[in-house]
1. Accessible area per residue of the range 6-122 at 1.4 Å probe, in Å²?
2. Please list log₁₀ I(q)/I(0) at q = 0.23 Å⁻¹ for the range 86-126, using the Debye equation with identical point scatterers on the alpha-carbon positions.
3. Kindly identify the range 5-102 as rounded, prolate or oblate by the Cα gyration tensor criterion: order the square roots of the eigenvalues as a ≥ b ≥ c, call it rounded if a/c is under 1.5, otherwise compare a/b with b/c, prolate if a/b is larger, else oblate.
4. Tally up the carbon and sulfur contribution to the accessible surface of the range 1-120 as a whole percent, 1.4 Å probe, everything protein left in place.
5. Using only the alpha carbons, work out the radius of gyration and Dmax of the range 123-173 in angstrom.
6. Grab the DSSP H runs of the chain that are 4 residues or longer, score each as -39,500 (n - 2.57), total them, divide by all residues and round the 222 nm result to the nearest 500 deg cm²/dmol.
7. How big is the C-alpha Rg of the chain next to the rule-of-thumb value 2.2 N^0.38 Å, as a ratio?
8. About its Cα centre, what dipole magnitude does the chain give when the only charges are +1 on Lys and Arg Cβ and -1 on Asp and Glu Cβ, stated in debye to the nearest 20?
Amino acid sequence: MVRVRVREMDEADIEAVSAIRVRGWQAAYAGIVPQSYLDAMTVEEDTDRRRQWFNHTGRESRDLVAVGDRGPVGWVCFGPPRGGIPGAGRVGEVYALYVAPDRIGTGIGRGLLDAAHAAMKGQGVETSALWVLRDNLRARRFYERAGYGADGGTQDDVYDDVTLAELRYRRVL
């Protein structure tokens, strides 16, 4: 594993996290999400949206970053379950997990996921859930190695008029 430390994200991390997220989408979803959608993503637009969301007074989610020698190299966001995940109060949801594309496979993602699990467990959450694109086999393998499994829940997302299926995964903490 690459040596990083995981800490709470702060406002100074927003631009770096947006770059990780946009580059992560463009790398992980190439060949899955329409290229036109991926090409239209910009770090600047994501930074603006993330800054507004980060400073929202009713925000219940938490964000952790993995910080290495060059600053943030990974990010995880988690919190209470959103629609489509039964079990409020005892279930938490991992909303997003991205690692800088050149650091994928180094253990950073697993470290972030473990930290999110520990934080959720500390809040009394018993089960973690997440959504993963059905065709994102690499991510599905990652989550399965971390103890997650598909629980039968599905939903569709639309990107540039292309409908993609997502699978709901769960694991006991």
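The values are calculated or read from the model by the stated rules, or taken from the named source; none is laboratory data. Computed from a predicted model, the values in this text were never measured in an experiment. Methodologically, a virtual Cβ is constructed for each residue, glycine included, from the backbone with ideal geometry; neighbour enumeration extends over all protein chains shown. The area values use the complete protein model at the heavy-atom level, side chains included, leaving out ligands, DNA and RNA. Shrake-Rupley method; radii C 1.70, N 1.55, O 1.52, S 1.80 Å.
1. About 47 Å² of surface per residue is accessible.
2. -0.76
3. Working: a/c = 1.59, a/b = 1.22, b/c = 1.31.
Oblate shape, in that a/c is at least 1.5 and b/c is the bigger or equal ratio.
4. Numbers: 2900 of 5910 Å².
Here carbon and sulfur together make up 49 percent of the probe-accessible area.
5. When restricted to the Cα atoms of the range 123-173, Rg and Dmax are 12.1, 40 Å.
6. -10000 deg cm²/dmol
7. Normalised Cα radius of gyration, the chain: 0.99.
8. Details: 24 positive and 25 negative charges, 174 e Å.
Dipole of the chain, to the nearest 20 debye: 840 debye.
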